[in-house]
1. For the stretch 95-106, what does the Karplus curve 6.51 cos²θ - 1.76 cosθ + 1.60, with θ = phi - 60°, yield as ³J(HN,Hα) per residue in whole Hz, taken in order and with x for Gly and Pro?
2. In whole Hz, with x marking every Gly and Pro, tabulate ³J(HN,Hα) for the stretch 116-124 from phi via Karplus 6.51 cos²θ - 1.76 cosθ + 1.60, θ = phi - 60°.
3. Using DSSP to define loop residues, name the GluC sites (Glu not before Pro) in the stretch 24-96 whose beta-carbon has at most 16 other beta-carbon atoms within 10 Å.
4. Ordered by residue, what ³J(HN,Hα) values in Hz, to whole numbers, does the stretch 129-137 give under the Karplus form 6.51 cos²θ - 1.76 cosθ + 1.60, where θ = phi - 60° and Gly and Pro are x?
5. Just to be sure I understand the model, the point goes 7 Å from the Cα along the line to the Cβ. What's the resulting Gln18 to Lys112 distance in nm?
6. Can you list the residues, at least 5 places off or on another chain, whose amide H is less than 5 Å from the amide H of His55, using H built in the peptide plane?
7. Once the piece of chain linking His72 and Ile10 is laid out straight, how much longer is it, given 0.36 nm per residue of separation minus the C-alpha distance between them?
8. Gain in length, Ser2 to Glu34, computed as 0.36 nm per residue apart minus the alpha-carbon separation, to one decimal in nm?
Amino acid sequence: MSIWKIKPDIDSVNELSQNTMLSAIGIEFTDLGEDYIKATMPVDHRTHQPMGLLHGGASAALAETLGSFASHLVVDSTKFNCVGLEINANHIRPKTEGTVTGIARPIHLGSKTHIWEIKIEDERGKLVCISRLTMAVLPKKT
């Protein structure tokens, strides 16, 4: 059973990301399942820190992108806005090149908050980062 109130096609989602930070660092949505959303991000000069490793902030940006968009898809967006309240990220292993894939799944979908777990893995399925994002669900002002 799907958790999504809105289930757009991936091409439409990626179109919305044009001319934003997402396109600047190469985040691309790849899949939307019944209870998850996936995106990839390159590990290259755009996402490196000065030592040549994947920047922790880039991993956090991927995690927040996935969780924020997921929250938007599970509410009635004509009545509610979803905004980030708190994010944490544990960086498990370094990555110097290639691609990482993030997958967000809900931990809690309440009327006022959502909590998402985002796992970021390398091409071999090895965990690079795990993140938890709390989103506030706010009524739109009329």
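1. 9, 10, 7, x, 9, 10, 10, x, 9, 9, 10, x
2. With the stated coefficients, the stretch 116-124 comes to 10, 9, 10, 9, 10, 10, 8, 5, 8 Hz.
3. Glu34
4. The phi angles translate into 7, 10, 9, 10, 10, 9, 10, 8, 9 Hz.
5. 4.0 nm
6. Distant-sequence amide H within range of His55: His48, Gln49.
7. Residue separation times 0.36 nm, minus the Cα-Cα distance, leaves 20.9 nm.
8. Length gained between Ser2 and Glu34: 11.1 nm.
No value in this document is a laboratory result; all are computed from the given coordinates. Keep in mind that what you see is a predicted model, and the values were worked out from it rather than measured. Reconstructed Cβ throughout: ideal geometry from the backbone, glycine too, with neighbour counts over all protein chains shown.
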